[in-house]
1. Round to the nearest 0.05 the FRET efficiency obtained for residue 266 and residue 319 when R0 = 35 Å and r is the Cβ-Cβ distance.
2. Based on the mean of other beta carbon atoms within 10 Å per residue, what is the order of 381-387, 207-213, most packed first?
3. Treat each spin label as a single point 7 Å out from the Cα along the C-beta direction, and report the residue 41 to residue 62 distance in nm.
4. Rounded, prolate or oblate: which one fits the range 149-319, using the alpha carbon gyration tensor with axes a ≥ b ≥ c (rounded when a/c is under 1.5, else prolate when a/b beats b/c, else oblate)?
5. Consider a paramagnetic label point 7 Å from the Cα of residue 48 along Cα→Cβ; state which residues of the range 12-30 have an amide N under 19 Å from it.
6. Using only helices, what value at 222 nm comes out for the chain when you add -39,500 (n - 2.57) per DSSP H run of length 4 or more and divide by the total residues, to the nearest 500 deg cm²/dmol?
7. Please list the three semi-axes, largest first and in whole Å, of the ellipsoid equivalent to the range 6-82, using sqrt of 5 times the eigenvalues of its alpha carbon gyration tensor.
8. Which order do 364, 83, 304 fall in if you start with the one that has the fewest other Cβ atoms within 10 Å?
Amino acid sequence: MSQSRQSVALLGATGSIGVQTLDVLRSELERFELVSLAGGEHLSELAAIAREFDVKRVAVKSETHRATLADLLSSDVTIVVGDEGLEELAREADIVVNAVMGFAGLPVTLGALAAGKRLALANKESLIAAAPLVAKVRATPGAQLLPIDSEHCAIHQCLASAPRRPGYPDVRRVLLTASGGPFRGWTVEQLKGATKDDALHHPTWSMGAKITIDSSTLMNKGLEVLEATALFGIDVDRVEVVVHPQSIVHSMVEYVDGSVLAQLSRPDMRLPIAYCLGAPDRLDHGYGRLDFSTPLTLTFEAPDLDAFPALTLAYEAARLGGAAPAWLSAANEIAVEALLADEINWCDIVPVVAATMDQYEAQDLDSLASLYENDDVARRRARASLKK
Ligand code: NDP
Ligand code: MG
């Protein structure tokens with residue numbers, strides 16, 4: 001049995017998705033072998049995971065991190081460093097879980113696909129920023145891109161019955177569900193007093209800090225609109241956001257004949273993680289199983305675009321294309337970092353992103369060099385907007 005195990009790289013192992021992936025792997029040791037890890041600042045946690053799973057290849061951010069980690073691990077563990085280290089590990093395993101936070105996950109996304117591996121993608125920022133470059137490497141023989149993001153994993157499953165025609169002409173619209181976050185129902189006036197602590201309390205999901213803040217501004221949903229267009233090649237005008245506070249319908253696809261397909265479960269990220277690891281098989285865990293013998297209320301409403309302008313910014317970036325999504329995501333990372341460091345208020349986040357996007361001038365993304373340059377310029381403009 002062990003000879004047929006698939007090797008797994010878990011990059012971003014110490015975070016929310018990383019820890020939940022480890023939970024799935026612990027119960028599937030006969031099927032998967034964890035062979036490599038990457039992490040950021042939590043080096044003692046990273047070392048503990050490496051010891052538990054007997055992992056011999058680990059990537060860290062810098063030489064300083066390497067020295068600290070080396071003291072915690074036996075000498076037969078190889079520690080690689082930086083973007084090159086991440087890419088090296090992403091090229092080696094059968095299945096690569098990209099659970100890194102933010103644009104830093106780019107080498108993982110590009111490396112895994114370019115090497116013809118299965119990429120189980122949680123890191124939406126890399127796909128959004130680099131969509132034209134990702135589209136090219138996705139054509140590598142063997143490359144497979146499966147979304148861990150729960151909405152996109154749902155859409156992927158709902159599209160399974162669609163004829164495989166480019167752009168999915170049989171699909172009338174993709175209905176991307178949103179919990180609405182902690183501030184659902186708040187007025188524009190009330191939102192002026194929203195705090196970081198309020199924003200960090202998500203009603204239905206427990207996640208890393210950045211995505212929790214993104215959920216409170218609905219920028220996460222905006223990023224997910226961009227993610228859906230990049231993943232499925234469906235034009236943005238057929239992607240609609242629907243607020244569904246229970247987080248049970250993870251998204252829906254409406255076909256031109258009027259049929260709506262949905263994927264349901266209680267909120268549990270281990271379900272989409274296990275789906276991406278096991279596909280086309282279904283792993284027998286029942287994560288988030290629903291009980292239909294007790295009352296289940298599902299409600300749907302339109303998002304409040306006046307209160308949550310991040311959604312409109314994301315649609316605009318999608319229509320602009322080129323480097324606009326990369327700018328949006330980069331500016332948002334800077335603004336969220338500033339909130340988490342108590343440098344700005346919650347209500348400043350989206351204005352910082354909007355002020356950055358106002359300075360965007362249309363340009364194509366035709367190379368990795370142009371992506372890094374755009375990312376750098378967008379971050380500098382966003383930092384300048386923070387000070388205003
Ligand atoms: P966390 O902040 O909890 O975890 C991020 C992980 O990335 C940590 O392991 C962190 O290491 C690691 N990391 C950060 N920078 C680097 C780097 N330069 N090199 C290597 N590792 C790095 O985030 P989440 O798990 O919540 O989210 C991860 C991604 O998944 C995000 O893109 C998010 O949008 C997406 N996602 C998350 C969901 C969730 O439920 N959490 C749902 C859907 C999507 P360390 O902690 O050691 O610093
Ligand atoms: Mg999501």
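Values quoted throughout were computed directly from the atomic coordinates according to the rules given, and no laboratory measurement underlies them. Computed from a predicted structure; not experimentally measured. So basically every Cβ, Gly included, is an ideal-geometry build from the backbone, and we count neighbours across all protein chains shown.
1. With R0 = 35 Å, the Cβ-Cβ based efficiency is 0.50.
2. 207-213, 381-387
3. In this crude label model, residue 41 to residue 62 measures out at 1.2 nm.
4. Oblate is the answer for the range 149-319, as a/c is 1.5 or above yet b/c matches or exceeds a/b.
5. 12-27
6. -13000 deg cm²/dmol, from helical runs alone.
7. 20, 13, 10
8. With the sparsest Cβ surroundings first, the list reads 364, 83, 304.
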